[in-house]
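These notes are about the structure you will find just below.
The values are calculated or read from the model by the stated rules, or taken from the named source; none is laboratory data. Since we're looking at a predicted model, the values are computed, not measured. Here Cβ is always computed from backbone atoms with ideal geometry, including for glycine, and neighbour counts include all displayed protein chains.
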Amino acid sequence: MTPPPTGLPRRDHVPAYDAGAKVAVVLPALDEASTVGSVVAGIPRRMPGVDSVEVIVVDDGSTDETGERAAAAGADRIIRHPRRRGLVATFNRGVSEALAAGADVVVHLDSDGQHDPAYIPQLIAPILERRADIVVGVRPLARAREMPWPRRLGNRLGSWFFGSLLRLRVSDFTSGFRALSRDAVLRLHLVSDYTHTVESLIQAARLHLSVAEVPVPVIERRHGESRMTRSLVHYIGRTGGQAVRSLIHGRPLSVFGRAALAMLVLTTAFTGWFLFGYRSGGMHLPSLLAALLAGIFAVGFFAAGLIADGVNSNRRLLEDALYRIKAMESALAAERRTPESASAAPPRAA
């Protein structure tokens, strides 16, 4: 098990789970009737330090028997979307239902059978021991022969880049198998419309949440194909663009400030070139125009950075307010669900 990265403080408000925690396992599902039953059935119901486990399947507009197979396999709750809303909306709906159910730890597990649910106890252990806010189940990408080599290489390069940039020791940024503490779920506010994996870790770094990783094996997909990586070029483009937007939103003054500094250096260089040519008897008007254009860009980037930083300050205030609202709403919803009614109620659709 990889320890949480150094340099990230442990959060003193992470609760101890001396009396046992409640774990909610959230499975997004879209036309996964062939695999969702075995995944649900494989989720361990008894784990060290855990009092209860609730399995929540979010059916994102499936056209097959995904919901029925999940219920037959023992899922506690089936949440149905009348039409497809996407992975991020499904993730947000699932964790909201988990918070309303009073979960202390939320586990996100894909329903396509590529992750072994037997590793959930190892995944949640760092959270129960108060050593991490988020734990990612990382695949051995260097040896994962079950994955096509372009996808494997892209995941390794992307994980290295974002890990170095964000100072997170996570070797598999795109893994959807992860566990989150209740506090981490309340603090993450995902706004993208494609995938939650990279954006959630970028936000975790900005919020100084402790992130750890646990090695998990790769299981070859036996039915269908991944919808996210069906087109590798499209996946890299969408994920990379989303990551860049998240980085800019999190550190706008730093991003625009560096761009302004680069333009200022170019302005100085082109100005020096013009002055040197002018003293030699030539006009060198192209260098003068380049210096003027670079100066305009420098001022523009700096002004944009100041404006974006002001917007980001308002965003932080809104995030704090949203955190408090979500905490109150989930606490009220958990109070309405008594242990007797939750245990006696059959799997229901919402």
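Each residue in the stretch 108-123 was checked for being assigned to a loop (DSSP other than H, G, I, E, B) and farther than 15 Å from GLU54 by Cβ, and 7 of them qualify. Scanning the stretch 39-66 for residues that are over 25 Å from the mean Cα position of the chain (by Cα) and part of a helix (DSSP H, G or I) yields one hit, ALA41.
Yes/no per residue for (1) of a type in the set (Asp, Glu); (2) under 24 Å from HIS189 (Cα atoms); (3) at pLDDT 95 or above; (4) outside the structural domain of ILE124 (by TED's automatic domain parsing):
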| position | (1), (2), (3), (4) |
| --- | --- |
| SER34 | no, no, no, no |
| ARG46 | no, no, no, no |
| ASP51 | yes, no, no, no |
| VAL57 | no, yes, yes, no |
| GLY61 | no, yes, no, no |
| PHE91 | no, yes, no, no |
| GLU97 | yes, yes, no, no |
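Report yes if some residue within the stretch 246-261 is out of contact with any helix residue (DSSP H, G or I) (no Cβ under 8 Å at 6 or more places or on another chain), of a type outside the set (A, V, I, L, M, F, W, C), part of a helix (DSSP H, G or I) and more than 23 Å from ALA204 (Cβ to Cβ); otherwise report no. No: the stretch 246-261 contains no residue that is out of contact with any helix residue (DSSP H, G or I) (no Cβ under 8 Å at 6 or more places or on another chain), of a type outside the set (A, V, I, L, M, F, W, C), part of a helix (DSSP H, G or I) and more than 23 Å from ALA204 (Cβ to Cβ). Among the conditions (1) in contact (Cβ under 8 Å) with a residue 40 or more places away in the chain; (2) in contact with a helix residue (DSSP H, G or I) (Cβ under 8 Å, 6 or more places away or on another chain); (3) surrounded by fewer than 20 Cβ atoms within 10 Å (Cβ to Cβ), the only one that LEU207 does not satisfy is (1).
Being among the hydrophobic types (A, V, I, L, M, F, W, C), touching a residue at least 24 places away in the same chain (Cβ under 8 Å), under 21 Å from PHE177 (Cα atoms) and in contact with a helix residue (DSSP H, G or I) (Cβ under 8 Å, 6 or more places away or on another chain): is that true of VAL53 here? Considered against the rule, which asks whether it is among the hydrophobic types (A, V, I, L, M, F, W, C), touching a residue at least 24 places away in the same chain (Cβ under 8 Å), under 21 Å from PHE177 (Cα atoms) and in contact with a helix residue (DSSP H, G or I) (Cβ under 8 Å, 6 or more places away or on another chain), VAL53 comes out as no. For first residues located in the stretch 247-269 and of a type in the set (Gly, Ala, Ser), partners that are in a helix (DSSP H, G or I) and lie 6+ apart or on another chain with Cβ distances below 6 Å form the pairs GLY250/ARG206; GLY257/GLY305; ALA259/PHE301; ALA260/ALA298; ALA260/PHE301; ALA260/PHE302. Selection of helices (runs of 4 or more DSSP H) fully inside the stretch 127-230 by the criterion of at least 3 residues being at pLDDT 90 or above returns 182-187.
Filtered by the rule that a residue be under 30 Å from LYS22 (Cβ atoms) and of a type outside the set (Gly, Ala, Ser), the stretch 317-332 gives LEU318, GLU319, ASP320, LEU322, TYR323, ARG324, ILE325, LYS326, MET328, GLU329, LEU332. Taking ARG251, is it at pLDDT below 70, of a type in the set (D, E, K, R) and at negative phi? Answer is no for this residue. Against the list (1) in contact with a strand residue (DSSP E or B) (Cβ under 9 Å, 6 or more places away or on another chain); (2) modelled with pLDDT under 95; (3) buried (at least 17 other Cβ atoms within 10 Å of the Cβ), the condition VAL107 fails is (2).
Conditions (1) modelled with pLDDT of 90 or more; (2) surrounded by fewer than 17 Cβ atoms within 10 Å (Cβ to Cβ); (3) over 23 Å from SER254 (Cα atoms), marked per residue:
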residue	(1), (2), (3)
GLY277	no, yes, yes
PRO286	no, yes, yes
GLY300	yes, yes, no
SER313	no, yes, no
ARG316	no, yes, no
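Taking the condition of being touching a Pro at 6+ places or on another chain (Cβ under 8 Å), not β-branched (Val, Ile, Thr) and not in a loop (DSSP other than H, G, I, E, B), how many residues in the stretch 71-107 meet it? Summing the residues that are touching a Pro at 6+ places or on another chain (Cβ under 8 Å), not β-branched (Val, Ile, Thr) and not in a loop (DSSP other than H, G, I, E, B) in the stretch 71-107 gives 5.
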